[in-house]
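Quick note: the coordinates plus some simple rules give every number you see, no bench work behind them. Only a predicted model underlies this, so the values are computations on that prediction, with no experimental measurement involved. Here the Cβ is made from the backbone with ideal geometry for all residues, glycine too, and neighbour counts use every protein chain on show.
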Ligand SMILES: [Zn+2]
């Protein structure tokens, strides 16, 4: 799933391409695409796109009084659409703009199309009042932004929530914008076990995790900003993530995995756990 760096760079690309365009209409292609009833999308019609912003892993299309909040989930994409076909493949919703004249005199009629391949249909759009966007669902319960969280905020959140640090990092209510890949990378860079308890990390652990969050995000954002479109997961920088069995770039030990039904925790035993091999939940039940 795209995380904060991919979403942020994409928001910047969309702003550059579409800011200033006037919304003509919003067209959902199925009844699950629009998650809200009030305010109606037509409250944004006739307004210019101010900016495509971001909060956590959500894109925010800001039109004067109304903001459309878009979540891409796993396979969603929000891309320029010149074809305007009646039934686009994987189409969830379309933002149709009034055509504008290009410098060469031709018309730019491109829309923005939200697609999601597969049958899950989890990507979606929330239409919210711009004044209350950050305090309305789905953004209301997001934790502080990962890129700007301070060590003091992190320390307070660790103290208040006894969790495995990998689970904490992926919990959007605790810290917003990090997913499975960055959680694996951050734990490795901080030289901390993904299963370490947040309350037992101490001041050194807090500053290691804080520094790892900032540097991992900065590197991913830098690489993502050099692209013309959002990367696929295999193109994103990783020392640990999806590298089970490959050598750790820092010490050469084999990258290890703890498998869960929906995801894999990757780590390096030499760098992170003093050589201890972590057991997954299902296995350790039998070992007790
Ligand atoms: Zn290592």
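Ignoring everything except DSSP H segments at least 4 long, calculate the 222 nm mean residue ellipticity for the chain; use -39,500 (n - 2.57) per segment, divide by total residues, nearest 500.
-8000 deg cm²/dmol
Let me know the Rg and Dmax you get for region 146-288 when you use only its Cα atoms, in Å.
Here Rg and the maximum Cα pair distance are 15.0, 51 Å.
With the Cα gyration tensor of region 54-121 in hand, convert its eigenvalues to equivalent ellipsoid semi-axes via √(5λ) and list them largest first in whole Å. Before the final figure, lay out each step's value.
Working: eigenvalues 111, 60, 17 Å².
One finds semi-axes of 24, 17, 9 Å for region 54-121.
Using a Gaussian network model of the chain whose springs link C-alpha atoms within less than 10 Å, name the residue from 180, 89, 191 with the highest mean-square fluctuation.
89
Calculate I(q)/I(0) for region 41-185 by the Debye formula, one identical point scatterer on each C-alpha and no solvent, and give its log10 at q = 0.20, 0.21 Å⁻¹ to two decimals.
Normalising to I(0) and taking log10 leaves -1.24, -1.30.
Could you tell me the center-to-center distance, by alpha carbons, between region 209-246 and region 3-36 in angstrom?
Here the two parts' Cα centres lie 23 Å apart.
Could you put 267, 45, 260 in order, starting from the residue whose Cβ has the fewest other Cβ atoms within 10 Å? Mind showing how you got there, number by number?
Values: 267 24, 45 16, 260 12.
The order, fewest Cβ neighbours first, is 260, 45, 267.
Can you compute the radius of gyration and Dmax for the chain, using only the Cα atoms, both in Å?
Rg then Dmax for the chain, in Å: 20.9, 74.
Taking all pairs of different Cα atoms in region 1-66, averaging 1/r and flipping that mean, what Kirkwood radius in angstroms comes out?
In region 1-66 this quantity evaluates to 12.8 Å.
As a footprinting exposure proxy, order 221, 60, 107 by other Cβ within 10 Å, with the fewest listed first.
Working: 221 16, 60 21, 107 9.
The fewest-first ordering by Cβ neighbours comes to 107, 221, 60.
As a footprinting exposure proxy, order 106, 67, 273 by other Cβ within 10 Å, with the fewest listed first.
Values: 106 9, 67 25, 273 18.
Ordered from fewest to most neighbouring Cβ atoms within 10 Å, 106, 67, 273 come out as 106, 273, 67.
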